[in-house]
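Nothing in this text is a laboratory measurement; each read-out follows from the coordinates by a stated rule. These figures come from a predicted structure and were not determined experimentally. Here the Cβ is made from the backbone with ideal geometry for all residues, glycine too, and neighbour counts use every protein chain on show.
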Amino acid sequence: MKRTIAIAALLAAVTVVTSVHSASARTRTDVSAKRHQSIVDANGNRGLVISHKTGAKAYVSPQYASRFQSYINDLEDHGAQVFFMGGYRPGRCSSSSLHPCGKALDVCQLRRGRVDSRCHLPDRRSLAVIAEAHGLFEGGKWCNSDYGHAQIGTTAEACGNKHNLYAAVAEFKQHLGLDLGAEQ
């Protein structure tokens with residue numbers, strides 16, 4: 001009899017713990033869903049960008065999600081493996097960050113301008129060309145490079161060739177009329 005009561009008490013305790021854990025998990029899921037409810041537009045589009053190779057996900061504004069998705073697809077077609085991305089972030093949308101309004105996406109960034117080499121992103125110039133093909137600006141073009149960051153529109157002018165000393169020297173020699181191919 002004591003054994004039966006002990007087993008019943010143990011089962012009751014396990015049931016309570018399990019239901020509390022499930023309720024806690026549901027609460028976390030509900031909070032996460034509520035946090036992303038504002039990411040759904042009037043047509044039910046969620047603003048979700050997904051890597052079809054790795055399953056990495058990020059939320060951006062539904063208005064621009066198709067551009068970012070096409071950009072990610074194109075990167076993957078060029079051999080990239082997108083292991084992680086960052087879209088929406090808390091804060092105020094401003095010229096210093098378009099993440100809070102869903103207009104920016106960081107791809108494989110470890111920190112500003114540094115990407116994970118395992119992702120095999122194209123070089124800065126190629127990445128900028130791919131971004132432009134989708135109506136995006138690539139942060140690697142800024143003098144204070146943010147390689148791996150893509151956004152809608154520009155918040156600061158591109159640096160041009162200032163960050164590329166070799167290109168600047170070649171351009172200067174060409175301007176002076178020096179034949180670079182004749183030197184051996």
Practice task
Hey, for a label at E157 modelled as a point 7 Å past Cα toward Cβ, could you say which residues of the range 90-106 have their backbone N under 19 Å away?
Solution key: 95-96
Completion exercise
Taking Cα pairs closer than 8 Å and at least 6 residues apart, the relative contact order of the range 48-152 in percent is 24
Fill in the blank from the handout: Taking max minus min of the Cα coordinates of the range 48-152 on each principal axis, largest first, gives extents in Å of 34, 30, 24
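Hey, with R₀ at 22 Å, roughly what FRET efficiency would R125 and S66 work out to, going by the Cβ-Cβ distance, to 0.05?
Details: r = 25 Å, r/R0 = 1.12.
Rounded to the nearest 0.05, the efficiency is 0.35.
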Practice task
Under 11 Å from the Cβ of H134, count the other residues' Cβ atoms, weight Lys and Arg +1, Asp and Glu -1, and hand me the total.
Solution key: -2
Handout entry: Ranking of V129, V49 by count of other Cβ atoms within 10 Å, fewest first
Key = V129, V49
Fill in the blank from the handout: Applied in sequence order to the range 46-59, the curve 6.51 cos²θ - 1.76 cosθ + 1.60 (Karplus, θ = phi - 60°) yields integer Hz couplings, x standing for Gly and Pro, of 8, x, 9, 10, 10, 7, 7, 8, 10, x, 4, 10, 8, 9
